[in-house]
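Trainee: Handing you this structure, nothing more for now.
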Amino acid sequence: MSLTPGAKLGPYEILEAIGKGGMGEVYKAHDPRLRRDVAIKTSAERFNERFEREARAVAALNHPNICQIYDVGPNYLVMEYIEGPTLSERIKEGAIPLEEALLIAEQIAAALEAAHEKTITHRDLKPANIKVRADGTVKVLDFGLAKLGGTPVAPSEDSPTLSMAATQAGMILGTAGYMAPEQAKGKPVDKRADIWAFGVVLYEMVTGHRLFKGEDMVEILAAVVHGQPDLSAVPPRVRKLIAKCLEKDPKKRLRDMSGMELLLEVGQAPAPDASSKRPAAGFDLGWIAAGVAAAVAIGAVWMLWPKPKPLLPLTRLEVDLGESVSLGASIGPDVVISPDGARLLYISNSRLYLVHLDQPQSTAMELPGTVGAIMPTFSPDGNWIVFAQSSLKKIAASGGAPQVIASSSGVRGISWEGDFIVAPLSAGAPLMKIPAAGGTPQTLTKLNGETSHRWPQILPGGKAVLLTVQNSSSFDTASIDVQSMPEGVRKNLIHGGSFGRYVEASDGTGYLTYVSRGTLFAVPFDAGKLEISGTPTPVLEGVSYNPTDGSALISYARSGTLVYRSGTAGGTRVVRFMNAAGKAETFLSRPDSYLYPRLSPDGQRLLIVASEAGTQDLWVYDLKGGRSTRLTIGLGATFAPIWTPDGRYVLFQGTGGMFWTRSDGGSQPQPLIQSKNTQHPWSITRDGKHFAYQEVSPTTSYDLWTAPLEITNAGVKAGTPEKLLQSPREERHPSFSPDGRWIAYSTDETGRYEVYVRAFPDTGGRWSVSVGGGHYPLWSTNGKELFYRTEDGQVMVAAYTTKGDALAFDPPRKFSEQRLAPVVANGTYDLMPDGRIVGLFPAEETDTGRAQSHVTFLFNFADEIRRRFSTGK
């Protein structure tokens with residue numbers, strides 16, 4: 001079907017035609033709900049159920065080098081819109097320089113490996129299906145669509161020969177010049193067909209010419225099946241790799257894309273000694289101390305080595321901190337290495353511990369007064385530790401009482417250099433420059449319509465600072481900027497990344513690293529000129545990344561040592577039902593980054609944020625049958641879901657405000673209230689006429705609002721919002737009582753979170769509930785108790801009575817001795833009709849066998865980055 005600009009296709013507005021593909025026309029369109037441009041591929045045929053099912057499987061792929069599928073219509077696919085030329089267009093200009101070609105190839109290989117791990121093959125990999133953005137990021141398009149099917153629009157080398165009957169025996173799927181021999185013969189194919197196509201693509205990049213040629217498709221296929229590729233024009237470095245990819249017998253072909261670098265002829269760092277991979281059982285610090293001592297000794301030798309300095313070998317050390325350790329922080333990194341690499345900080349069970357890595361017999365020391373501490377950071381000399389709690393504080397590494405440096409509410413990242421600290425003092429605030437000894441903070445950056453500035457790193461010398469710029473609730477669209485001091489000149493370095501960190505190799509060359517969806521990227525960076533050069537490239541996969549705040553669980557020492565955690569930031573969790581006696585029944589046993597469990601009004605379904613298909617989306621689980629329904633897909637961050645009282649709809653936070661959708665999955669999400677500020681719906685009155693939400697303001701951090709609500713068969717509509725509570729401190733977690741007369745909430749106005757209750761509408765009175773800290777209040781359905789949780793995951797209960805316009809609360813008591821997972825800022829439990837709670841609990845072990853006490857050290861990692869960017873090797 002042909003569409004003209006301004007036409008509507010479902011909710012999407014067509015902007016322009018941008019080409020033709022194997023399915024039909026391709027258009028650039030705009031999604032007004034999420035305020036983003038998309039690419040739409042249309043088909044002349046209506047999709048069947050199988051196509052939609054498999055398209056959604058492909059949509060579960062979540063990788064920075066894979067074009068994301070956002071939505072499936074009756075006869076169209078909605079995909080990520082990507083600016084930039086195709087690799088085919090780039091090759092038409094001539095052969096690509098070897099080093100640039102290898103950077104592109106590494107990203108293609110990373111995309112293939114991620115898909116192959118999900119048992120998805122591309123089947124039609126070719127330069128025309130690969131785009132290279134202006135920043136050098138590679139995006140592989142049309143993953144799995146050859147299998148899904150389509151109709152070719154023109155018979156050419158760049159047009160796939162596809163059919164909707166993709167499962168028929170002998171059916172040829174793919175593009176003639178890039179098919180593996182078994183694919184050309186119509187035989188079943190697997191990931192090795194993609195590896196063949198990768199070899200053909202790499203050949204074209206480094207030579208500028210097609211490998212398999214012919215006057216028609218028959219001649220091309222004959223060359224693929226019977227011809228012997230001539231690799232004489234291929235540079236020696238990649239000849240062995242391409243030859244291994246182009247083995248006609250798939251059994252002899254390269255079996256996995258992860259083996260790509262092993263076949264490059266030169267330029268490889270020495271393999272780490274087998275002993276370096278030995279885990280430190282029970283936190284035997286001798287292994288770590290030996291590694292630290294070796295790194296220090298090697299560094300001293302290299303100081304005397306004549307230039308240019310050879311690359312130091314990468315050494316990997318896997319460490320288990322011990323059975324009693326349960327890592328996890330609600331916000332930011334939970335493991336931090338000191339600048340000299342001799343000490344380690346970690347957060348376990350909401351407490352801060354310090355370990356001396358250079359002392360074999362050292363034991364972990366709990367730092368006093370740090371319960372609930374987040375984002376610990378060393379001073380440049382390692383003698384002090386700054387952290388966020390109810391305010392910005394510091395404590396001597398030798399112990400003692402914490403000292404308050406500055407009032408804060410919602411800190412998101414801390415950096416210390418010289419005699420000053422840089423941090424945002426609230427969640428939606430710019431960066432502030434704060435005297436390390438305490439004093440008046442000075443505004444350092446300015447929000448130019450942006451959501452927040454966070455995760456700063458002061459560059460060596462203190463003349464500039466790196467920062468993550470948040471533009472929406474999804475950190476997929478965040479940027480890395482650098483700002484000079486004191487001039488205040490800011491410029492952008494990277495689009496589509498967060499948690500920028502500068503690190504130097506042993507020869508002094510600098511690199512900017514950043515994280516995008518769990519992959520660590522690096523690019524050369526001149527810290528003097530504040531400029532990047534070259535193309536960013538992936539350097540480490542599987543880094544723990546928190547999509548809710550843009551942080552990554554990584555930390556560098558000055559020597560270039562990297563300490564990181566893999567898996568899920570904040571720890572993986574399981575879902576359990578638990579009674580007051582502590583007896584628990586596991587419902588969702590597969591560890592995941594679950595958030596916000598919300599029970600339906602009838603108690604039969606559980607709404608939860610899960611990453612079951614690779615991205616964090618909303619899911620509904622039937623508590624009896626176990627059937628699951630995915631409510632959102634491709635919307636970026638989706639959090640803080642709540643049910644409407646009739647159970648028909650769900651409200652949730654997304655990019656650009658709040659949305660609603662049907663709880664049975666029978667509708668697309670629709671806008672409820674749109675805002676540049678992050679908004680979390682939190683509670684609805686039992687009559688469904690009002691709902692309360694929290695909003696992150698750039699000036700006042702977390703504030704509370706309410707809005708009228710209208711729930712009909714057509715959907716959900718919100719009225720004009722009304723401000724409930726606003727102050728320079730944080731007000732969070734508004735919860736309506738069953739009769740709608742009261743609203744409980746938490747605030748950190750005293751220096752730590754406490755739970756209070758006000759009348760609704762507010763009459764000016766206020767009642768204190770928690771003792772010793774508390775947040776996330778929930779009212780029991782019987783109208784007799786108010787629940788809340790403490791910083792360290794303890795669920796508390798306070799009975800109450802009402803008399804007229806007043807409340808009386810009994811002293812809080814423990815609901816159970818069992819504690820919830822340490823996810824302080826987010827909902828971790830809900831109340832069940834039978835008196836139990838449904839909650840998130842720490843996973844004892846992940847599916848990969850890595851406990852919540854596992855840390856990885858990569859010694860000389862900065863030199864590993866340098867090796868990847870070395871020229872002529």
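Trainee: Conditions first: (1) surrounded by fewer than 16 Cβ atoms within 10 Å (Cβ to Cβ); (2) assigned to a loop (DSSP other than H, G, I, E, B). Residue 229 passes all but one, so which condition is the exception?
Mentor: Of everything listed in (1) surrounded by fewer than 16 Cβ atoms within 10 Å (Cβ to Cβ); (2) assigned to a loop (DSSP other than H, G, I, E, B), residue 229 misses just condition (1).
Trainee: Just name the residue that is farthest from residue 138 (Cα to Cα) out of those in region 513-543 that are in contact with a helix residue (DSSP H, G or I) (Cβ under 9 Å, 6 or more places away or on another chain), in a loop (DSSP other than H, G, I, E, B) and of a type outside the set (D, E, K, R).
Mentor: The residue in question is 534.
Trainee: Show me the strands (runs of 3 or more DSSP E) entirely contained within region 440-512 in which 2 or more residues are within 25 Å of the chain's Cα centre (by Cα) and under 26 Å from residue 859 (Cβ atoms). Lay out the reasoning, then the answer.
Mentor: Values: elements: 452-458, 464-470, 479-484, 490-495, 498-504.
Hits in region 440-512: 452-458, 498-504.
Trainee: Can you tell which of 142, 158 is open to solvent by 10 Å² or more (accessible area, probe 1.4 Å), closer than 21 Å to residue 85 by Cα and at pLDDT 50 or above? Write out each step before concluding.
Mentor: Working: 158 fails: at pLDDT 50 or above.
The conditions single out 142.
Trainee: Is it the case that some residue within region 248-258 is modelled with pLDDT under 70 and farther than 26 Å from residue 102 by Cβ? Even if it seems obvious, please write down each step before you answer.
Mentor: Kept after step one, since they are modelled with pLDDT under 70, are these residues of region 248-258: none.
No, region 248-258 has no match at all.
Trainee: How about region 652-668: which of its residues are closer than 15 Å to residue 607 by Cα, in a loop (DSSP other than H, G, I, E, B) and touching a residue at least 60 places away in the same chain (Cβ under 8 Å)?
Mentor: 663
Trainee: Hey, among 357, 392, 345, which residue is touching a helix residue (DSSP H, G or I) at 6+ places or on another chain (Cβ under 7 Å) and touching a residue at least 40 places away in the same chain (Cβ under 8 Å)?
Mentor: Being touching a helix residue (DSSP H, G or I) at 6+ places or on another chain (Cβ under 7 Å) and touching a residue at least 40 places away in the same chain (Cβ under 8 Å) holds for just one of 357, 392, 345, which is 357.
Trainee: For residue 737, are the conditions met, namely being surrounded by 14 or more Cβ atoms within 10 Å (Cβ to Cβ), out of contact with any helix residue (DSSP H, G or I) (no Cβ under 7 Å at 6 or more places or on another chain) and closer than 16 Å to residue 775 by Cα?
Mentor: Details: surrounded by 14 or more Cβ atoms within 10 Å (Cβ to Cβ): yes; out of contact with any helix residue (DSSP H, G or I) (no Cβ under 7 Å at 6 or more places or on another chain): yes; closer than 16 Å to residue 775 by Cα: yes.
Answer is yes for this residue.
Trainee: Limited to region 686-703, what total is found for residues that are open to solvent by less than 10 Å² (accessible area, probe 1.4 Å), out of contact with any Ser or Thr (no Cβ under 7 Å at 6 or more places or on another chain) and modelled with pLDDT of 95 or more?
Mentor: 1
Trainee: Another question, if that's okay. Just the residues that are open to solvent by 10 Å² or more (accessible area, probe 1.4 Å) and without any contact (Cβ under 8 Å) to a residue 40 or more places away in the chain, please, taken from region 408-429.
Mentor: Listed by number, the residues that qualify are 419, 425.
Trainee: Looking only at region 842-873, filter to residues that are at pLDDT 85 or above and open to solvent by less than 10 Å² (accessible area, probe 1.4 Å); which one of those is nearest to residue 103 (Cα to Cα)?
Mentor: Checked region 842-873; the qualifying residue nearest to residue 103 (Cα to Cα) is 865.
Trainee: Of everything in region 430-439 that's in a strand (DSSP E or B) and within 22 Å of residue 726 (Cα to Cα), which residue is least open to solvent (accessible area, probe 1.4 Å)?
Mentor: Filtering first and then ranking leaves 431.
Yes/no matrix, rows are residues, columns are (1) part of a strand (DSSP E or B); (2) in contact with a strand residue (DSSP E or B) (Cβ under 9 Å, 6 or more places away or on another chain); (3) open to solvent by 40 Å² or more (accessible area, probe 1.4 Å); (4) at positive phi:
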| site | (1), (2), (3), (4) |
| --- | --- |
| 756 | yes, yes, no, no |
| 762 | no, yes, yes, no |
| 770 | no, yes, no, no |
| 792 | no, yes, no, no |
| 811 | no, yes, yes, no |
| 817 | yes, yes, yes, no |
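Trainee: Of all residues in region 544-566, how many are more than 22 Å from residue 426 (Cα to Cα), part of a strand (DSSP E or B) and among the polar types (S, T, N, Q)?
Mentor: So the answer is 2.
Trainee: Report, by residue number, each residue of region 501-520 that is closer than 16 Å to residue 561 by Cα and not aliphatic (A, V, I, L, M). Explain how you work it out, then say what you get.
Mentor: Within region 501-520, the subset closer than 16 Å to residue 561 by Cα is 501-514, 520.
If the condition is that a residue be closer than 16 Å to residue 561 by Cα and not aliphatic (A, V, I, L, M), then 501, 502, 504, 506, 507, 508, 509, 510, 511, 513, 514 are the ones that fit.
Residue-wise test of (1) at pLDDT 90 or above; (2) part of a loop (DSSP other than H, G, I, E, B); (3) not hydroxyl-bearing (Ser, Thr, Tyr).
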residue	(1), (2), (3)
345	yes, no, yes
359	no, yes, yes
363	no, yes, no
369	no, yes, yes
401	no, yes, yes
411	no, yes, yes
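Trainee: I'm told residue 566 meets every condition in (1) farther than 30 Å from residue 447 by Cα; (2) surrounded by fewer than 22 Cβ atoms within 10 Å (Cβ to Cβ); (3) of a type in the set (S, T, N, Q); (4) touching a helix residue (DSSP H, G or I) at 6+ places or on another chain (Cβ under 6 Å) except one. Can you identify the failing condition by its number?
Mentor: (4)
Trainee: Consider region 93-121. How many of its residues are charged (D, E, K, R) and within 21 Å of residue 135 (Cβ to Cβ)? Explain how you work it out, then say what you get.
Mentor: Step one: filter region 93-121 for residues charged (D, E, K, R), giving 93, 99-100, 106, 113, 117-118.
Within this subset, residues satisfying the condition of being within 21 Å of residue 135 (Cβ to Cβ) are 93, 99-100, 106.
Residues meeting the conditions: 4.
Trainee: Determine whether residue 758 is within 29 Å of residue 821 (Cα to Cα) and touching a residue at least 60 places away in the same chain (Cβ under 8 Å). Lay out the reasoning, then the answer.
Mentor: Values: within 29 Å of residue 821 (Cα to Cα): yes; touching a residue at least 60 places away in the same chain (Cβ under 8 Å): no.
Criteria not met by residue 758.
Trainee: Can you tell me how many residues within region 177-188 are under 13 Å from residue 123 (Cβ atoms) and either out of contact with any Gly (no Cβ under 7 Å at 6 or more places or on another chain) or outside any loop (DSSP other than H, G, I, E, B) (or both)?
Mentor: Restricting attention to region 177-188, the residues satisfying the condition of being under 13 Å from residue 123 (Cβ atoms) are 178-180, 182-184, 186-188.
Cutting the leftovers down to either out of contact with any Gly (no Cβ under 7 Å at 6 or more places or on another chain) or outside any loop (DSSP other than H, G, I, E, B) (or both) gives us 178-180, 182-184, 187-188.
Counting residues in region 177-188 that are under 13 Å from residue 123 (Cβ atoms) and either out of contact with any Gly (no Cβ under 7 Å at 6 or more places or on another chain) or outside any loop (DSSP other than H, G, I, E, B) (or both) gives 8.
The values are calculated or read from the model by the stated rules, or taken from the named source; none is laboratory data. Given the structure is predicted, the values throughout are model-derived calculations rather than measurements. As a convention, Cβ positions derive from the backbone with ideal geometry for all residues, glycine included, and neighbour counts pool all protein chains shown. With ligands, DNA and RNA removed, areas are computed over all heavy atoms of the protein, side chains included. Shrake-Rupley method; radii C 1.70, N 1.55, O 1.52, S 1.80 Å.
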